[in-house]
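The values are calculated or read from the model by the stated rules, or taken from the named source; none is laboratory data. Just so it is clear, the model here is predicted, and its values are computed rather than measured. Glycine also receives a Cβ, built like all others from the backbone with ideal geometry; neighbour counts cover every protein chain displayed. What goes into the accessible areas is simple: the full protein's heavy atoms, side chains included, and nothing from ligands, DNA or RNA. Shrake-Rupley method; radii C 1.70, N 1.55, O 1.52, S 1.80 Å.
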Amino acid sequence: MPLTPLGPGPEFDRIRRIAAVLGPRGAQLGDDCAVVEWPGGALVLSVDLALEDVHFRRSWLSPREIGWRAGAAALSDLAADGAEPVGMLTSVGLPPDFGDQALEGLARGLGEVAALVGAVVLGGDLSRAERLILDVVAVGRAERPVTRAGARPGDGIWVTGSLGGARAAWSALEAGRPPDRDALERFAHPVPRIVPGRVLAAAGARAMLDVSDGVAGDARHLAAASDVALDVDLGTLPLGPGVVAEAEKAGQAPAVFAAQGGEDYELLVALPEDFSRNDALALQRTTGVGLTRVGTVRAGSGVSFRYEGAVLDLSGYDHFA
Ligand SMILES: [Mg+2]
């Protein structure tokens, strides 16, 4: 197999194009993390780019928040594999007006999110740049990394925490309105779900990924990688802070707004049929993070998003759409 199959979209067409050129040298592409077999377990690696005016604006977030977010986004992929973080390598491109104090803020945010998950900053590289860029490699280890492939018909589809909060903050900021305070917190300080990821892996998670582009897109990746179909009931999606108010302004149903909202960095996970709501409550008690059932795996392909009796055709965020 040349790469883990991905869902539709021009961003993912480009990844398929790269994989086709690399051939057998690109066989690892397409999942949240690369997995390198290592004595005593596997080395789990991921890289994540945060680019000014694409992923954030400097007028919206402090340097400390920008550092935190970039680190959290990379660490979130380790969470999706059920991995234990080791550290991060960070390349930073600095624009001329980004001074030493701002750089210290950036480093502080990166260090704080590393500390939160028991990781360190292993190294990095600095360069001059036209816009602020952070490229973060996250390094972790796992005895049994959970990939996107492995969901089976009958499995339940569950999601951690809540969805759409980061998008709610982004929508308000973009429109020049003050965002809901909790929504801004979701956007500025996303918490990588490392502990829930490890607990879910231990509980027998069959397939998992982090919701970086919205469930509408990420569910398709899980379905494609596992070669199954998903039925997702949008009415069951746990809505994040600020979603109802911002969805109304956008003229969308809150559940649709939340399904298309990326960067909450929650986990979407396929769990065996016998994983129950009581098991979900136990996870919430031990980790402080809720787990909501949002769908079911069946034989077939693609994702059916059902909402109030209708089937909707939804897609997630795509950098090249
Ligand atoms: Mg991911």
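Structure notes:
- In this Cβ point-charge picture (+1 for Lys and Arg, -1 for Asp and Glu), the chain has a dipole of about 260 debye about its Cα centre.
- Neighbour count of at most 10 Cβ within 10 Å plus DSSP loop: longest GluC sites (Glu not before Pro)-free window in the chain: 131-307
- Estimated FRET transfer efficiency when R0 is 35 angstrom, pair LEU103-TRP38 (beta carbons, to 0.05): 0.55
- Here the extension length gained between ARG131 and ALA115 equals 3.1 nm, from 0.36 nm per residue of separation less the Cα-Cα distance.
- Sequence ranges 211-220, 147-156, ranked by mean other-Cβ count within 10 angstrom, highest first: 211-220, 147-156
- Computed over neighbours whose Cβ is under 14 Å from that of GLY23, the net charge equals +3, Lys and Arg +1, Asp and Glu -1.
- Hull volume per residue, based on the alpha-carbon atoms of segment 182-321 and their convex hull, is 124 Å³.
- Dipole magnitude (debye, nearest 20) for segment 118-276, charges at Cβ of Lys, Arg, Asp, Glu: 320 debye
- Solvent exposure of segment 217-318 as accessible area per residue, Å², 1.4 Å probe: 43 Å²
- For the chain, carbon and sulfur atoms together expose 52% of the accessible surface, with a 1.4 angstrom probe and every protein chain in place.
- Net charge of Cβ neighbours under 12 Å - reference VAL228; Lys, Arg +1; Asp, Glu -1: +2
- Residue list for segment 79-123, given a label point 7 angstrom along the Cα-to-Cβ vector of GLN28 and an amide N cut-off under 19 Å: 79-91, 122-123
- Sites ASN278 and VAL311, calculated FRET efficiency, Cβ-Cβ separation with R0 41 Å, nearest 0.05: 0.85
- Between ASP53 and THR286, the simple spin-label model (points 7 angstrom out along Cα→Cβ) gives 4.7 nm.
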